[in-house]
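**Q** Just dropping this structure here.
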Amino acid sequence: MKCSTPLFLLAPLALAALSLPTFLGPPASAATQIVEGGLDESMQTLQAGMKGLDKALGKSEIGKALELVSGMQKAAHEAKHGIPEKAATVTDAAEKAKFMSGYRLKLIELERGLLDVEAALIEGKVEDAQKALDTKVKPVKKSGHDAYKD
Ligand code: HEM
């Protein structure tokens, strides 16, 4: 069917549609806005997850362990987009950039370790999951805290 509406009447509508995102809310970058501090909640989730995982793996509770590791992955992702309080003490711009990329890479290391735990669990290999937790997750807590925690 042919549209009989003159083109000049449709143009304002098209323009309004183009500007819709402005009305719908902030751009995606603002949604992942970086907040200094505010890591405590993610860190508490990681802490509880690590304790729970040790227990669940000890009892070969794969479903429970998978649930916990997913929560830890989410917490690690959120922490990765935050700023540790210690960053405020680094004043030189180049040093601060180095500090922040190191921090982010450390959390990527943690995410990789958590993915290894998950992969082992999916394959039903509880021993491998425990090994990944002990060698790839727990040590990252220590090295992360040594470098980035006040
Ligand atoms: C499984 C691994 C980890 C666990 C269980 C863990 C646990 C915790 C806990 C319990 C706290 C104290 C939170 C509070 O005071 O309420 C904390 C704080 C903190 N953690 Fe972790 N953490 C882990 C990994 C990491 C990593 C990899 C980094 C850095 C790359 C990191 C950086 C920090 C920082 C910077 C703070 C202080 C909060 C701030 O400065 O805003 N953590 N963590």
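Any read-out appearing in this document is the output of simple, stated calculations on the displayed coordinates, not a laboratory observation. The model shown is predicted, which means the values in this text are computed figures rather than measured ones. Glycine gets a Cβ as well: all are built from the backbone with ideal geometry, and neighbour counts include every protein chain shown.
**Q** Taking 8 Å as the Cα distance limit and 6 or more residues as the minimum spacing, I'd like the relative contact order of region 58-121 as a percentage.
**A** Values: 28 pairs, mean separation 33.9, N = 64.
After rounding, I find 53 percent.
**Q** Can you tell me the relative contact order of region 91-150? Whole percent, Cα pairs under 8 Å, sequence separation 6 or more.
**A** 35 percent
**Q** Right, here's the next one. Could you go through region 74-84 in sequence order and give the Karplus-derived ³J(HN,Hα) for each residue, using 6.51 cos²θ - 1.76 cosθ + 1.60 with θ = phi - 60°, rounded to whole Hz, and x for Gly and Pro?
**A** These are the phi-based 3J(HN,Hα) values: 5, 5, 5, 4, 5, 4, 4, 9, x, 10, x Hz.
**Q** Here's a follow-up. Looking at ALA79, THR91, GLY63, which one has the Cα that reaches farthest to the positive end of the dipole of region 50-150 (charges on Cβ: Lys, Arg +1; Asp, Glu -1)?
**A** Of ALA79, THR91, GLY63, it is THR91.
**Q** When a footprinting reagent is the concern and you count Cβ atoms within 10 Å, what order do ASP40, ASP146, ASP54 take, fewest first?
**A** The most exposed by this proxy come first: ASP146, ASP40, ASP54.
**Q** By counting other Cβ atoms within 10 Å of each Cβ, how are VAL137, VAL90 ranked from fewest to most?
**A** On the way: VAL137 24, VAL90 15.
In increasing order of surrounding Cβ atoms, one gets VAL90, VAL137.
**Q** Principal axis extents for region 35-150, Cα atoms only, whole Å, descending order, please.
**A** Projected onto its principal axes, the Cα set of region 35-150 covers 48, 21, 18 Å.
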